[in-house]
Amino acid sequence: MADKAVSRRDFLRGAAAAGLMATGSLLGITSASAEELPSVYTPGTYTATAPGFGGDVTVTLTVDETSILEATIDAPGETESIGQAAAKELAQQIMERQSFEIDAVSGASNTSRAVRQALESCVAQAKGVDVSLLQASASAEEAAPVDWLGEAPVIDEAEVVETIETEVLVIGAGTAGLFAACAAVEEGAKTILIEKMDEEFGGSGIRDTLGAIGSRQQLEDGDNPDKFDVITELYRQSNGYGDQRLYKVWADNSGEAIDWYTDRVTEGGLRFRHEVDSHSEKVRYPIYDVGHSLQMSDTEGAHGATANILKKYGQDLGLEIHYNTALLCLIKEDKAVTGIYAKTEKGIVRYNASKGVIVCTGGYSLNMDMLKALQPETVKMININYSYPGSQGDGIKACLWAGAVMDETHGGMLFDRGAVAPDQVGCQTPGALFWMGSQPFLKVGLDGKRFTNESGCYDHILHTAYTLPGMTYAMVWDANYIADMQRFDSHGCSRMFDHENGAESVWPLALNEGVFMPMYRDQGLVVKADTIEELAEKLGLPVENFKATVERYNELYDKQEDEDFGKEAYRLSELRTAPFEGVRMSGGYFICTMDGIHINTDMNAVDAEGNPIEGLYVAGDCSGGYFDTSYPNLLAGAAAGRSVTFGRLAGKNAAHR
């Protein structure tokens with residue numbers, strides 16, 4: 001075999017250097033090259049699966065000696081309008097091209113990647129190639145560094161099919177983008193909002209909980225946190241990397257943004273309420289009631305309810321929304337950003353924006369090349385990825401190409417809600433979203449021993465578990481777990497009971513107990529036992545170690561003092577009443593990335609010298625200078641609250657440029 005490393009693509013093509021096949025390509029020779037390089041399959045039907053966005057994706061190929069006769073893709077867990085639609089398109093590509101050289105479908109990268117991986121395995125089987133060799137080739141290739149940024153596309157004006165003039169252009173119809181677009185059009189600017197997804201999905205992503213200080217409701221409730229206490233907590237949790245100037249801009253302007261949004265939601269017939277929690281118990285980790293959340297019983301799960309309210313509000317004021325329009329790159333003239341090139345169904349369209357371009361494209365939580373390069377530790381901790389489709393880092397890359405700079409420290413929003421099978425170690429095989437995972441029940445490593453204070457920020461236990469064998473631990477409870485959870489009085493979205501002021505929880509107990517817990521039990525994720533010994537056996541824990549841990553934990557409960565790890569007494573629980581239950585956990589529920597483009601207090605992107613880039617504004621998850629490594633979930637809605645506040649400010653500032 002040649003010394004030169006063989007890539008997976010070369011392997012699939014059956015490159016001579018690989019020494020794996022005498023002649024021919026591994027898959028899909030077109031008719032034009034069939035005589036020159038014949039391909040021979042073993043006739044039959046071959047099936048393979050790979051993990052997609054919401055579960056396994058299965059590819060089935062039926063072949064004769066020389067061609068693919070049928071290709072089907074089954075993706076039941078993927079989003080109907082995104083992943084499942086992409087599966088149909090990819091199946092058509094396979095048949096038309098007779099090749100594994102399929103193009104990823106925009107907005108469905110996880111599904112596309114899963115199809116490609118399963119397709120390669122099917123083809124290897126059809127060619128009689130050892131699939132383990134294919135996997136080894138893939139591992140070698142994936143280990144190689146990837147240029148995730150690349151070069152900015154060069155657009156020839158001759159390629160432009162249309163030029164559109166506006167004053168303010170907002171890119172991305174999500175949480176920050178809708179606030180930016182509505183603010184700009186309110187200020188009288190001609191405003192266009194573009195969204196790369198279609199109308200059905202585009203703009204559906206306003207987060208449920210938004211953090212603020214100084215809202216009407218907080219003042220009326222007499223529960224308005226001291227802004228410098230909150231700023232200090234943000235700064236502390238960012239390890240000092242957060243920009244206190246940006247924190248203060250949020251603190252000074254978030255109340256107005258929330259009041260504006262509350263008025264719009266109320267006009268739309270929905271309720272948006274401040275979350276007030278009990279402060280009667282002493283806590284180890286500071287909690288501040290900054291969260292405001294949509295009352296879920298009003299929407300009954302309706303898709304994009306709040307986004308639709310804002311879209312209609314903006315359109316009534318003259319806002320234009322262009323769907324299926326994807327950013328290609330920014331246009332920069334005389335050091336100022338003056339517009340963009342976009343890919344549309346018609347072709348390449350140029351947008352000129354005389355007052356400014358506002359980038360609100362989200363983070364890069366679905367771009368595995370960026371994730372692996374910038375935060376490989378996060379990749380290892382992802383159990384399930386529920387990021388909003390479109391989170392590919394498009395806006396971040398475009399800003400970097402235009403001379404902006406990005407955070408050099410990184411972070412992802414991971415919540416400790418990743419369940420795995422009772423015999424599974426690690427989370428490389430995706431598990432299930434287990435909302436109870438954030439509850440401070442007893443948690444033990446695979447040695448059956450307790451390893452941490454279970455009461456704290458959602459991702460802290462994931463970071464601690466990073467040092468455990470397989471990053472895997474078990475959480476256990478007894479028959480009184482519902483009463484325990486009510487006593488725990490958890491803060492933020494982990495809470496399953498109404499807040500002290502009657503505001504609804506984001507994930508109500510009825511949903512958890514009526515839908516999800518029965519499902520987890522049926523699937524065997526949550527195991528049940530009549531004794532502690534049986535529970536240990538079902539979770540694969542050393543029985544004697546686990547028994548000793550439970551006895552010690554019950555002793556601490558009786559003392560009402562956690563002498564081992566300092567957990568608050570009211571968050572201790574006992575394990576004495578059967579049936580006992582437990583679940584293995586590894587990794588977390590991944591929501592978004594939290595690092596991005598440096599901005600100043602006017603929401604302008606800045607260059608390496610800190611100079612603002614004229615005409616370029618950035619807001620939301622693609623902006624930086626705010627978080628590092630960990631997400632301060634005890635400040636409910638901290639990230640989305642920043643997005644709406646900075647989006648609104650960016651819209652106003654651009655409109656008055």
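The values are calculated or read from the model by the stated rules, or taken from the named source; none is laboratory data. These numbers were taken from a predicted model, which means no experiment stands behind them. Cβ sites come from the backbone with ideal geometry, for glycine too, and all protein chains shown count toward neighbours.
Checking each residue in the range 227-251 for being within 30 Å of residue 299 (Cα to Cα) and surrounded by fewer than 19 Cβ atoms within 10 Å (Cβ to Cβ) picks out no residue at all. Taken together, the residues in the range 60-82 that are over 26 Å from residue 387 (Cα atoms), in a loop (DSSP other than H, G, I, E, B) and among the acidic types (Asp, Glu) amount to 2. Within the option set 290, 276, being surrounded by fewer than 21 Cβ atoms within 10 Å (Cβ to Cβ) and either closer than 18 Å to residue 500 by Cβ or in contact (Cβ under 8 Å) with a residue 24 or more places away in the chain (or both) holds for one residue only, 276.
Close contacts from the range 311-325, counting a first residue that is at pLDDT 95 or above and a second that is among the basic types (Lys, Arg) and part of a strand (DSSP E or B), with Cβ to Cβ under 8 Å and a gap of 6+ residues or different chains, come to 325/343. A count restricted to the range 569-590 and to residues that are modelled with pLDDT of 95 or more, buried (at least 19 other Cβ atoms within 10 Å of the Cβ) and not β-branched (Val, Ile, Thr) stands at 13. The selection criterion, being surrounded by fewer than 18 Cβ atoms within 10 Å (Cβ to Cβ), touching a Gly at 6+ places or on another chain (Cβ under 6 Å) and more than 23 Å from residue 265 (Cα to Cα), holds for residue 352. State whether the residues of the range 427-438 include one that is among the β-branched types (Val, Ile, Thr), under 19 Å from residue 525 (Cβ atoms), surrounded by 19 or more Cβ atoms within 10 Å (Cβ to Cβ) and not assigned by TED's automatic domain parsing to the domain that holds residue 630. No, there is no match, as no residue in the range 427-438 is among the β-branched types (Val, Ile, Thr), under 19 Å from residue 525 (Cβ atoms), surrounded by 19 or more Cβ atoms within 10 Å (Cβ to Cβ) and not assigned by TED's automatic domain parsing to the domain that holds residue 630. If you check 418, 456, 403, 470 for being closer than 27 Å to residue 547 by Cα, surrounded by fewer than 24 Cβ atoms within 10 Å (Cβ to Cβ) and either at pLDDT 95 or above or out of contact with any strand residue (DSSP E or B) (no Cβ under 9 Å at 6 or more places or on another chain) (or both), only one passes: 456. The single residue among 510, 503, 479 that is in contact with a His (Cβ under 7 Å, 6 or more places away or on another chain) and of a type outside the set (Val, Ile, Thr) turns out to be 503.
Quick check, is residue 178 assigned to a helix (DSSP H, G or I) and either among the β-branched types (Val, Ile, Thr) or modelled with pLDDT of 95 or more (or both)? Considered against the rule, which asks whether it is assigned to a helix (DSSP H, G or I) and either among the β-branched types (Val, Ile, Thr) or modelled with pLDDT of 95 or more (or both), residue 178 comes out as yes. For the range 495-552, the tally of residues that are in a loop (DSSP other than H, G, I, E, B), surrounded by 16 or more Cβ atoms within 10 Å (Cβ to Cβ) and touching a strand residue (DSSP E or B) at 6+ places or on another chain (Cβ under 9 Å) stands at 8.
Keeping to the range 184-226, report how many residues are among the hydrophobic types (A, V, I, L, M, F, W, C) and surrounded by fewer than 19 Cβ atoms within 10 Å (Cβ to Cβ).
1
Quick one: is residue 261 under 25 Å from the mean Cα position of the chain (by Cα), surrounded by 22 or more Cβ atoms within 10 Å (Cβ to Cβ), outside any loop (DSSP other than H, G, I, E, B) and among the hydroxyl-bearing types (Ser, Thr, Tyr)? Yes: the conditions hold for residue 261.
Consider the range 483-505 and keep the residues that are under 29 Å from the mean Cα position of the chain (by Cα) and among the hydrophobic types (A, V, I, L, M, F, W, C). The one that is farthest from residue 380 (Cα to Cα) is 503. Which residues, taken from the range 197-239, are of a type outside the set (S, T, N, Q), touching a residue at least 40 places away in the same chain (Cβ under 8 Å) and at positive phi? Passing the criteria: 203, 214.
For the range 549-571, a residue qualifies if it is touching a residue at least 40 places away in the same chain (Cβ under 8 Å) and either over 17 Å from residue 488 (Cα atoms) or in contact with a Gly (Cβ under 7 Å, 6 or more places away or on another chain) (or both), and the qualifying residues are 549, 550, 552, 564.
Filtered by the rule that a residue be of a type in the set (A, V, I, L, M, F, W, C) and buried (at least 24 other Cβ atoms within 10 Å of the Cβ), the range 359-370 gives 359, 360, 366. Considered as a group, the residues in the range 59-82 that are within 23 Å of the chain's Cα centre (by Cα) and at pLDDT 80 or above include one that is surrounded by the fewest Cβ atoms within 10 Å (Cβ to Cβ), and that residue is 76.
Has the range 525-542 got any residue that is at positive phi and either modelled with pLDDT of 95 or more or of a type in the set (Gly, Ala, Ser) (or both)? Let's see the steps before the verdict.
Looking only at the range 525-542, we keep the residues that are at positive phi, and these are 540.
Checking which are either modelled with pLDDT of 95 or more or of a type in the set (Gly, Ala, Ser) (or both) leaves us with 540.
Within the range 525-542 (the criterion being at positive phi and either modelled with pLDDT of 95 or more or of a type in the set (Gly, Ala, Ser) (or both)), the answer is yes, since at least one residue qualifies.
Across the range 564-577, the number of residues qualifying as under 37 Å from the mean Cα position of the chain (by Cα) and not in a helix (DSSP H, G or I) comes to 9.
Conditions tested, residue by residue: (1) more than 30 Å from residue 418 (Cβ to Cβ); (2) part of a helix (DSSP H, G or I); (3) out of contact with any Asp or Glu (no Cβ under 8 Å at 6 or more places or on another chain).
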| residue | (1), (2), (3) |
| --- | --- |
| 591 | no, no, yes |
| 609 | yes, no, yes |
| 615 | yes, no, yes |
| 626 | no, no, no |
| 629 | no, no, yes |
| 632 | no, no, no |
| 636 | no, no, no |
| 644 | no, yes, yes |
| 650 | yes, yes, yes |
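Pairing each residue of the range 505-527 that is farther than 19 Å from residue 476 by Cβ with any residue that is of a type in the set (Lys, Arg) and exposed (fewer than 14 other Cβ atoms within 10 Å of the Cβ), provided the two are 6+ apart or on different chains, yields no C-beta distance under 8 Å.
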